[in-house]
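Step one of this worksheet: look at the structure below.
The values are calculated or read from the model by the stated rules, or taken from the named source; none is laboratory data. These figures come from a predicted structure and were not determined experimentally. Methodologically, a virtual Cβ is constructed for each residue, glycine included, from the backbone with ideal geometry; neighbour enumeration extends over all protein chains shown.
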Amino acid sequence: MGTVTLGVSIAVPEPYGSFLQRRRAGFGDPAAHGIPTHITLLPPTEVDTEALPGVERHLAEVAASFRPFPLQLAGTGTFRPLSPVVFVRVAEGEAGCAALQARIRAASGPCARELQFPYHPHVTVAHGIAEEAMDRAHAELADFSATWTIDSFALYEQGADAVWRLEREYPFGPQSAAVPRQADLSRPPAASC
């Protein structure tokens, strides 16, 4: 028995995801290449490996109960001085993100946990770097805007190298079934008798 560190998030689609990841790296954030661009639904959470099947069932049930909704990112904000973070704001879809994270973290579920701060959906573009670089991130991305429809969320696991890797995607709707990460899709099917 052991533990793993999991996170659940909404991936920012291309071309926006890699654009914001490159910008984050350009501002000097050393974590940029280990964290896919996302909106957090469940922050890093340590769970027993034996609990993973229950976590995955719970996430599939949550996804099955949601329908796609529009999301828009626009402009920047910051949590400074409380927390050294500059982010791109969620301008539309905030209520949908809040509802998702509340269901995922439900007190009766396997992902129940308290948050350090009230939930505020956002896309981090600078974290814990020099103040001048954070000011630059805040100013240079102030005109950034992206719009898309959210139709899924994903489960990620943090490796020993501190890199977050996609484990499963959970599409919305009653037909929802977890979609394995790409590596799982390339495995040959098991032989049957």
Looking at segment 80-93, which of its residues are part of a loop (DSSP other than H, G, I, E, B), of a type outside the set (D, E, K, R) and either touching a residue at least 12 places away in the same chain (Cβ under 8 Å) or on the phi > 0 side of the Ramachandran plot (or both)? 82, 83, 84, 93
Could you check residue 126 against (1) hydrophobic (A, V, I, L, M, F, W, C); (2) modelled with pLDDT of 95 or more; (3) within 19 Å of residue 47 (Cβ to Cβ) and say which number it fails? (3)
Would you call residue 118 surrounded by 15 or more Cβ atoms within 10 Å (Cβ to Cβ), modelled with pLDDT under 95, on the phi < 0 side of the Ramachandran plot and not charged (D, E, K, R)? no
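Could you pull out the residue among 159, 109, 93 that is surrounded by 18 or more Cβ atoms within 10 Å (Cβ to Cβ) and of a type outside the set (A, V, I, L, M, F, W, C)? Quick ask: steps written out before the conclusion?
On the way: 159 fails: surrounded by 18 or more Cβ atoms within 10 Å (Cβ to Cβ); 109 fails: surrounded by 18 or more Cβ atoms within 10 Å (Cβ to Cβ).
Within the list 159, 109, 93, the selection yields 93.
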Taking the options 51, 60, name whichever one is over 18 Å from the mean Cα position of the chain (by Cα) and assigned to a helix (DSSP H, G or I). 51
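Restricting to segment 1-34, name every residue that is among the hydrophobic types (A, V, I, L, M, F, W, C) and surrounded by 20 or more Cβ atoms within 10 Å (Cβ to Cβ). Full working, then the answer.
Taking segment 1-34 as the starting set, the residues that turn out to be among the hydrophobic types (A, V, I, L, M, F, W, C) are 1, 4, 6, 8, 10-12, 19-20, 25, 27, 31-32.
Residues satisfying the conditions are 6, 8, 10, 12, 20, 27, 32.
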Members of segment 100-118 found to be closer than 19 Å to residue 70 by Cα and without any contact (Cβ under 8 Å) to a residue 24 or more places away in the chain, listed by number: 102
Selection from segment 94-111 of residues in contact with a Phe, Trp or Tyr (Cβ under 9 Å, 6 or more places away or on another chain) and part of a loop (DSSP other than H, G, I, E, B) yields 105
